[in-house]
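The next block holds one structure in the form of structure tokens; read it before the comments.
The values are calculated or read from the model by the stated rules, or taken from the named source; none is laboratory data. All values reported here derive from a predicted model rather than from experimental measurement. Here the Cβ positions follow ideal geometry from the backbone for every residue, glycine too, while neighbour counts run over all protein chains shown. With ligands, DNA and RNA removed, areas are computed over all heavy atoms of the protein, side chains included. Shrake-Rupley method; radii C 1.70, N 1.55, O 1.52, S 1.80 Å.
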Amino acid sequence: MRQHLSGGRLDAFENSQQTWLQYREASAEFQSSQYHGGSIQPLIHASALESVTISRIVELEPLLKELQKM
């Protein structure tokens, strides 16, 4: 994605990606917090990270395809 962007668009993408990474971690922390101290907590945390990451990939794939056409 980054190789297809420059200037302000690259800056905007980098900013959105950093914000998304913060959201992903906060969401996983929240989802796994009900299992705090339990042996399943790390698994729930990892599963939440995976789920949100898959959603982000699905979101970015069409954008990347459009950029590749340019």
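Summary of computed values
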{"quantity": "Neighbour cut-off at most 16 other Cβ (10 Å), DSSP loop, chymotrypsin sites (Phe, Trp or Tyr not before Pro), the chain", "calculated": "Y35"}
{"quantity": "Heavy-atom surface of the chain, accessible at 1.4 Å and reported per residue (Å²)", "calculated": "75 Å²"}
{"quantity": "For the chain, size of Cβ-based charge dipole, Lys and Arg +1, Asp and Glu -1, in debye", "calculated": "200 debye"}
{"quantity": "Rounded percent of accessible protein surface that carbon and sulfur make up, the chain, 1.4 Å probe", "calculated": "56 percent"}
{"quantity": "Cα gyration tensor of the chain - equivalent ellipsoid semi-axes, whole Å, descending", "calculated": "32, 13, 6"}
{"quantity": "Sequence of S27, S55 when ordered by accessible area, the most exposed leading, probe 1.4 angstrom", "calculated": "S55, S27"}
